[in-house]
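These notes concern the structure reproduced below.
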Amino acid sequence: MNAPIPEHDPAQVDVDPYSLPLEAIDVANPHLFAADRHWAWFQRLRDEAPVHYCADSAFGPYWSVTRYDDIMQVDTSHEIYSSEPAITIRDAEDDFPLPMFIAMDRPRHDEQRGTVSPAVGVKALAGFEPIIRERTIDVLESLPVDETFNWVERVSIELTTRMLATLFDFPFEERRKLTHWSDVAVATPGMGLIDSEEERRAHMLDCLVYFQGLWEERAAAAEKNDFISMLAHGESTRDMPAEEYLGNLLLLIVGGNDTTRSTMSASVLCLHDNPGEFARLTANPSLIPSMVSETIRWQTPLAHMRRRAKVDTELGGQTIRAGDKVVMWYVSG
Ligand code: HEM
């Protein structure tokens, strides 16, 4: 059976969250985020119900955790909160399962993560530094002067996609396929990019077929330092079924795509809106690492992650029952 595509009420964007009883608050409507109207809803939850139960939503009942300390507690208590079966508020499709290691618990999680993590370890990243600098200069120098252009398209997406292609050793000229599959994988049907779940699946199957060709090529050659080669040779991944290969591919593509490009775009917007901070940064480039962390905190490329309580537990004075869906709202905390 297909998991139904949740219906969300667009009219919620015009509702004042303070006009509702607390128990009627549902912050999981994508329209609130698209219209940038979610802030007051989270403010109310943080102030009045930082661990809040929504009994009825398009995604089913769920707890919202909206303050930093409580989010940290959920995120680090692996014995109490599970990442299975999914890490987004929306449930997985019963008939199109996409197992991926982010949505697994120990020990499988650690085995599969350990297979690919050397590709983005400190040593590997240091090795990439010259090519990252070279590409950044190339992209920035190719920008038009005295003319309006789309920074997201020409800089953020281009740089992110070039790096992703390198991490996968993906055919460079076809790298925009990665952007496309990433966007489709996380799109909400009916909100722009795709109209139906069936359409998403068709794109995802194209992605799988393409990557199966790369898998066969890498499996037949000696192991090297790219994601596909590592998965094809890794002890805990080389025999994985096709749907798990696709799940892990999407994890790596989406994980690397949306986050990085949003951060690149937000950093420019943020510095443009705060010229004093831009002046501080250019006067003292050693501030760049903290500027990156602050940009990620400020624009939050991942609005939430979801867990499932494994046991009955207490959080913020509330009793959460085993099996309950618990959403950590990074966008709030
Ligand atoms: C601004 C950049 C990024 C941000 C803000 C970010 C954020 C996050 C967050 C919040 C998680 C979930 C942690 C949790 O479940 O508690 C995560 C997991 C993950 N991210 Fe990223 N990420 C970024 C860049 C990347 C890149 C460039 C890649 C790969 C190319 C990547 C791949 C992954 C993977 C594979 C996981 C799962 C890790 C695991 O299950 O242990 N991310 N990321």
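When you check SER236 against the structure, is it among the hydroxyl-bearing types (Ser, Thr, Tyr) and not in a loop (DSSP other than H, G, I, E, B), yes or no?
Here the answer is no, as SER236 does not meet what is asked.
Go over the candidates THR88, THR66 one by one and state the one that is closer than 15 Å to PHE42 by Cβ, polar (S, T, N, Q) and surrounded by 14 or more Cβ atoms within 10 Å (Cβ to Cβ).
THR66
For the range 168-189, indicate whether the set of residues that are closer than 20 Å to ILE253 by Cα, more than 16 Å from the ligand (Cβ to nearest atom) and either of a type in the set (Ser, Thr, Tyr) or not assigned by TED's automatic domain parsing to the domain that holds PHE211 (or both) is non-empty.
Checking the range 168-189: at least one residue is closer than 20 Å to ILE253 by Cα, more than 16 Å from the ligand (Cβ to nearest atom) and either of a type in the set (Ser, Thr, Tyr) or not assigned by TED's automatic domain parsing to the domain that holds PHE211 (or both).
I'm told ASN225 meets every condition in (1) within 16 Å of the ligand (Cβ to nearest atom); (2) under 22 Å from the mean Cα position of the chain (by Cα) except one. Can you identify the failing condition by its number?
Of everything listed in (1) within 16 Å of the ligand (Cβ to nearest atom); (2) under 22 Å from the mean Cα position of the chain (by Cα), ASN225 misses just condition (2).
Return the only residue of LEU246, LEU231 being buried (at least 18 other Cβ atoms within 10 Å of the Cβ), touching a residue at least 60 places away in the same chain (Cβ under 8 Å), part of a helix (DSSP H, G or I) and under 18 Å from the mean Cα position of the chain (by Cα).
LEU246
Identify, please: which residue in the range 18-47 is over 23 Å from the mean Cα position of the chain (by Cα) and of a type in the set (Asp, Glu) and is, among those, most open to solvent (accessible area, probe 1.4 Å)?
Per the criteria, the residue is GLU23.
Of all residues being under 15 Å from ARG261 (Cβ atoms) and not basic (Lys, Arg) in the range 167-180, which is surrounded by the most Cβ atoms within 10 Å (Cβ to Cβ)? Just the residue, please.
Here the answer is LEU178.
Which residues, counting only those in the range 33-91, are of a type in the set (Val, Ile, Thr), more than 20 Å from VAL13 (Cβ to Cβ) and in a loop (DSSP other than H, G, I, E, B)?
Answer for the range 33-91, where residues must be of a type in the set (Val, Ile, Thr), more than 20 Å from VAL13 (Cβ to Cβ) and in a loop (DSSP other than H, G, I, E, B): ILE80, ILE87, THR88.
Just to be sure I understand the filter: pairs with C-beta atoms under 6 Å, separated by 6 or more residues or on different chains, first member in the range 290-307 and closer than 14 Å to ILE71 by Cβ and without any contact (Cβ under 8 Å) to a residue 60 or more places away in the chain, second member near the ligand (Cβ under 9 Å from one of its atoms) and open to solvent by 40 Å² or more (accessible area, probe 1.4 Å). Which pairs pass?
Here the result reads THR300/TYR330; LEU302/TYR330, each pair linking the range 290-307 to a residue that is near the ligand (Cβ under 9 Å from one of its atoms) and open to solvent by 40 Å² or more (accessible area, probe 1.4 Å).
The values are calculated or read from the model by the stated rules, or taken from the named source; none is laboratory data. As the structure is a prediction and not an experimental result, all values here were calculated from the model. No Cβ is skipped: glycine too gets one built from the backbone with ideal geometry, and neighbour counts run over all protein chains shown. In case anyone asks, the SASA skips ligands and DNA or RNA and just uses the protein heavy atoms, side chains included. Shrake-Rupley method; radii C 1.70, N 1.55, O 1.52, S 1.80 Å.
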